[in-house]
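The values are calculated or read from the model by the stated rules, or taken from the named source; none is laboratory data. On a predicted model such as this, the values are computed, not experimentally measured, just so you know. Glycine also receives a Cβ, built like all others from the backbone with ideal geometry; neighbour counts cover every protein chain displayed. Quick note on the areas: whole protein, heavy atoms, side chains included, nothing else; ligands and nucleic acids left out. Shrake-Rupley method; radii C 1.70, N 1.55, O 1.52, S 1.80 Å.
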Amino acid sequence: MYTINIDKKYNIYIEKDFNNIKRYLIKDNIEYNNVVIITDDNVCKYYLQNIKESFLGYNVFVYTIKYGEQSKNLNQIYNIYEFLLNNNIDRKSLIVALGGGVVGDISGFVAATYMRGIKFIQVPTTLLSQVDSSIGGKTGVDFLGKKNIIGSFYNPSLVYINISTLNTLPKEQFENGMAEVIKHGYILDKDYLNFIIDKKEEIKNYNKNILAEMIYKSCKIKANIVSIDEKEKGIREILNFGHTFGHSIETESNFDILHGQGVAIGIIASMYISYKKGYILKEDIEKAKEILKYFNIYSFKSFNIQNIYNNMVYDKKNDNKQIKIIMLKKIGQAFATNKVSQQTILDAIKYSLEG
Ligand code: NAD
Ligand code: ZN
């Protein structure tokens, strides 16, 4: 249906089924002998059999992790290395990451490090992984309570998105991914944002053509940013729009809320600062609340504002304890700044939690 080439390095294919994986592997000259599918215990129930059929004639090994963030740790990596060695997996093997961002991040890290790097492909099955985590080459695990603190940049050989996998994705996980989709519109593409707003009903009703177009456009936005700034030295940081607030709210909730909910509150807080600085209008914030609420991601309990602020100070992305905020210059154009006063940040948190 759609193809995006990232910086002449690898392709993203967007399809409605799994039928073309093998064809694209051949087309992109990705050669391999064995296949190791890494998946989780939810995703495997739905799609393992299906994807195995793409590799008929090959030795296919399957490693299944328990679903969820708790699996994203070094013990898991150790166990996978052991599995690979026990099965004589060599450098010519191909790792297939079948699942959401957790499976993708773990598989990518294994692929980056096993025998100093073996090929892998991403087959993302959550909306978040399709529009965000499978693109850009960030891989890794959590360690000592810190998220994504151990990892490396390592690109897949291709990304294969089968949008039909969204049919089985729990609704709240779909909505979780919508936070990143909406974020893409705000930071880089006003027309895309308007497309999401215009087509919100079709999106909610899983209209396949609209979903494919939405995912394509979102992937393109992320792909453009990471191809300019692969190692996050500059523009890539605008992808953190809403995230400095979002991460600290997630922490404050004891990870009781979804990532997308934290990001949604963060988007509103960031927009409040942009409004206070005179860049955008109050009605722009109202519009953002409306679309975030439509996808059920702007909803929350009461949180301690000071704790949220304190967590932000300790965020790993801050230079010298200066809180870096991604703000909007206008709708569809973001920039980073560390020149927002503590009071303004506190006001923004308070505002964003008023609903
Ligand atoms: P996830 O991988 O935990 O998946 C969410 C849930 O959905 C899981 O329970 C999973 O089993 C289930 N699931 C997945 N696909 C399904 C399907 N098609 N049908 C039914 N159930 C399905 O979570 P996620 O939101 O995809 O990813 C979050 C992870 O991604 C975090 O660890 C985060 O740090 C990471 N991340 C990485 C990057 C990056 O650039 N590498 C970017 C953003 C997020
Ligand atoms: Zn995010």
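Counting only strands (runs of 3 or more DSSP E) that sit completely within region 1-103, those holding 1 or more residues that are under 24 Å from Lys222 (Cβ atoms), more than 16 Å from ligand 2 (Cβ to nearest atom) and of a type in the set (A, V, I, L, M, F, W, C) correspond to 2-6, 10-15, 34-40, 94-99.
Scanning region 47-104 for residues that are over 17 Å from Ser133 (Cα atoms), out of contact with any strand residue (DSSP E or B) (no Cβ under 6 Å at 6 or more places or on another chain) and of a type in the set (D, E, K, R) yields Glu53, Lys66, Glu82, Asp90, Arg91, Lys92. Restricting region 257-294 to residues that are without any contact (Cβ under 8 Å) to a residue 12 or more places away in the chain and not in a helix (DSSP H, G or I), the residue that is nearest to ligand 2 (Cβ to nearest atom) is Leu281. Take the residues of region 20-49 that are among the polar types (S, T, N, Q) and open to solvent by 70 Å² or more (accessible area, probe 1.4 Å): which is nearest to Lys147 (Cα to Cα)? Among them, the one singled out is Gln49. Please verify whether Leu127 is under 24 Å from Ala288 (Cβ atoms) and either out of contact with any strand residue (DSSP E or B) (no Cβ under 7 Å at 6 or more places or on another chain) or of a type in the set (D, E, K, R) (or both), treating the condition exactly as stated. Yes; evaluated as a whole, the condition is true for this residue. The set of residues in region 123-151 that are away from ligand 2 (no atom under 14 Å from the Cβ), in a strand (DSSP E or B) and either of a type in the set (Gly, Ala, Ser) or under 15 Å from Ser71 (Cα atoms) (or both) comprises Thr139, Gly140, Val141, Asp142, Phe143, Lys146, Ile149, Ile150, Gly151. Of all residues in region 251-273, those being open to solvent by 10 Å² or more (accessible area, probe 1.4 Å) and either under 24 Å from Cys219 (Cβ atoms) or among the aliphatic types (A, V, I, L, M) (or both) number 4.
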